[in-house]
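What follows is a set of notes on a single structure, which appears directly below.
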Amino acid sequence: MRILVTGGAGYIGSHTLISLLSKEHEICVVDNYVNSSPIALDRVRRLTNHDFEQHDLDIGNGPELSNVFTKFQPEAVIHFAGLKAVGESERDPLLYYHENISGAISLLKAMDACNCRQIVFSSSATVYGEPCYLPYDEKHPLAPINPYGRTKYFIEEIIKDWTKTDNNKKAILLRYFNPVGADNSGEIGEDPDGIPNNLLPFIAQVAVGRLEHLNIFGDDYDTRDGTGIRDYIHVSDLADGHAAAVNYFTKMSGVEIFNLGTGNGISVFEVVEAFKQASGKDIPFHIAPRRNGDLPAYWAESKKANNLLGWSANYTIDDICRDSWHWQSKNQEGYK
Ligand code: NAD
Ligand code: UD1
């Protein structure tokens, strides 16, 4: 299939390219590198031995985006491009509403202009908010608790309305849990700008000596060891979920929503221990106050994706830590 990938140079996008190219899809990447490096795309080419189109372009630039669509004539879009830092979204909500929502609208308009009717959208488990029950399934009520999460919720709704304008339009909304790890080559991985907000990249930078110690945000939650519990999914499993989603277009109409997670909750202490084992490094930590907005625990019900997409997560937390360590130790300063 001819697939246009927005944000393809980013963390999840670059890993997804590997999955798609290995299945012989034809790819065109649109990225403005606001949070990524074109080096990731060169590495994907080298790893897969496949070439693809690449455009340095902001998806908000409607006329240029339409030109790319007209030339490439994609049959489907996978939409990763957007801003994703929760704290930043609280400090500057208008930036997030503008970039994420206007970006999505600009993309859907470009799709309409060239009759491209299939989209896979990167949504997030963050749309569920405070758990009414666990694990979250796709029918769980939606109540995101920060502007970033609300952009995901609003874009889901916009895409649903977009599909209603034409019986042939199809959308797959993928709600990711906590994507972590790296391609097992150690050539591509997560390369956050500045001090990482998320647990795994933070631990990896402590292990490699870039940061002194980990702050564990609370050890007094009502969980099995007092620390927060999340569903960590290997980014290569997540990438394969996109290839499975694209295949599913022929079997569906309208909108389908899938959780992509492992179904297992892992605590912060358990992640630290697994990383120590994988890296052979000590991970010094301090217990710090709870982080504002953090939920104690959540994990996915992913049976719908297992049953309909024929997809399931295969990698364990030990595999995740091994691959994360491989990437970080091979690329201490990321792509720089
Ligand atoms: P990322 O920042 O690594 O990738 C996003 C890519 O989009 C980057 O390459 C960035 O340069 C590009 N981009 C951003 N705005 C753009 C614009 N206006 N025009 C063109 N390109 C633009 O993030 P990621 O972790 O790979 O996440 C990909 C998607 O998945 C995002 O939409 C994110 O919100 C969503 N998501 C991520 C996580 C996670 O934990 N990483 C969890 C749930 C959902
Ligand atoms: C965060 C975002 C969420 C986003 C997700 C993407 C917040 C509040 N939530 O989720 O919207 O979809 O990333 O993966 O930012 N932790 C520490 N020390 C650290 C970092 C994290 O103890 O330095 C703990 C957290 O308290 C949490 C767990 O590790 O219990 C995972 O945190 P993180 O990796 O930031 O992911 P989420 O909070 O699940």
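The values are calculated or read from the model by the stated rules, or taken from the named source; none is laboratory data. Computed from a prediction, not measured in an experiment: that's the story for all the values here. Using ideal geometry, Cβ is built from the backbone for each residue, glycine included, and neighbour counts are taken over all protein chains shown.
One line per residue, one yes/no per condition, for (1) more than 10 Å from ligand 2 (Cβ to nearest atom); (2) at pLDDT 95 or above; (3) under 30 Å from E333 (Cα atoms); (4) not aromatic (F, W, Y):
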{"position": "E138", "(1), (2), (3), (4)": "yes, yes, no, yes"}
{"position": "P141", "(1), (2), (3), (4)": "yes, yes, no, yes"}
{"position": "P144", "(1), (2), (3), (4)": "no, yes, no, yes"}
{"position": "T165", "(1), (2), (3), (4)": "yes, yes, no, yes"}
{"position": "N178", "(1), (2), (3), (4)": "no, yes, yes, yes"}
{"position": "P192", "(1), (2), (3), (4)": "yes, no, yes, yes"}
{"position": "L199", "(1), (2), (3), (4)": "no, yes, yes, yes"}
{"position": "F202", "(1), (2), (3), (4)": "no, yes, yes, no"}
Members of segment 299-323 that are buried (at least 16 other Cβ atoms within 10 Å of the Cβ) and farther than 26 Å from V120 by Cα:
I317, D319, C321, R322, D323
Hey, V34 hits all of (1) buried (at least 17 other Cβ atoms within 10 Å of the Cβ); (2) under 16 Å from the mean Cα position of the chain (by Cα) but one; which does it fall short on?
(1)
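Would you mind listing the strands (runs of 3 or more DSSP E) fully within segment 179-280 where at least 3 residues are in contact with a helix residue (DSSP H, G or I) (Cβ under 7 Å, 6 or more places away or on another chain) and under 18 Å from A125 (Cα atoms)? Please lay out each step first, then the result.
Numbers: elements: 214-217, 232-234, 254-260.
Result: 254-260.
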Step by step: first the residues of segment 58-86, then only those that are near ligand 1 (Cβ under 9 Å from one of its atoms) and farther than 13 Å from S106 by Cα, then the one that is modelled with the lowest pLDDT. Which residue is that?
A85
Any residue in segment 176-192 that is within 15 Å of G10 (Cβ to Cβ) and more than 8 Å from ligand 1 (Cβ to nearest atom) sitting within a Cβ distance under 6 Å of a residue that is in a loop (DSSP other than H, G, I, E, B) and hydrophobic (A, V, I, L, M, F, W, C)? List the pairs, counting only those 6 or more apart or interchain.
G189/A182
In segment 123-155, the residues that are buried (at least 21 other Cβ atoms within 10 Å of the Cβ), among the charged types (D, E, K, R) and out of contact with any helix residue (DSSP H, G or I) (no Cβ under 6 Å at 6 or more places or on another chain):
R150
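Could you list, in sequence order, the residues of segment 260-301 that are among the β-branched types (V, I, T) and within 23 Å of the chain's Cα centre (by Cα)? I'd like the intermediate steps shown before the answer.
If we filter segment 260-301 for residues that are among the β-branched types (V, I, T), which is where we start, we get 262, 266, 268, 271-272, 283, 287.
Passing the criteria: T262, I266, V268, V271, V272.
Just the residues that are under 28 Å from G149 (Cα atoms), of a type in the set (D, E, K, R) and part of a helix (DSSP H, G or I), please, taken from segment 285-322. Let's see the steps before the verdict.
If we filter segment 285-322 for residues that are under 28 Å from G149 (Cα atoms), which is where we start, we get 287-317, 320-321.
Filter again for of a type in the set (D, E, K, R), leaving 290-291, 294, 301, 303-304.
K303, K304, listed by residue number.
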Exactly one of these conditions fails for Q277: (1) away from ligand 2 (no atom under 13 Å from the Cβ); (2) under 19 Å from K139 (Cα atoms). Give me its number.
(2)
Does segment 158-173 contain at least one residue that is more than 27 Å from L20 (Cβ to Cβ), without any contact (Cβ under 8 Å) to a residue 12 or more places away in the chain and not in a loop (DSSP other than H, G, I, E, B)?
yes
Looking at (1) over 16 Å from the mean Cα position of the chain (by Cα); (2) closer than 22 Å to Y298 by Cβ, which is the one condition that is false for Y232?
(1)
If I18 passes every condition in (1) away from ligand 1 (no atom under 12 Å from the Cβ); (2) touching a Phe, Trp or Tyr at 6+ places or on another chain (Cβ under 9 Å) but one, which one does it miss?
(2)
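I need a count of the residues in segment 202-215 that are surrounded by 19 or more Cβ atoms within 10 Å (Cβ to Cβ) and touching a residue at least 60 places away in the same chain (Cβ under 8 Å). Lay out the reasoning, then the answer.
Keep residues of segment 202-215 that are surrounded by 19 or more Cβ atoms within 10 Å (Cβ to Cβ), which gives 202-207, 214.
Applying the additional criterion that residues be touching a residue at least 60 places away in the same chain (Cβ under 8 Å) yields 203-207, 214.
Matching residues across segment 202-215 total 6.
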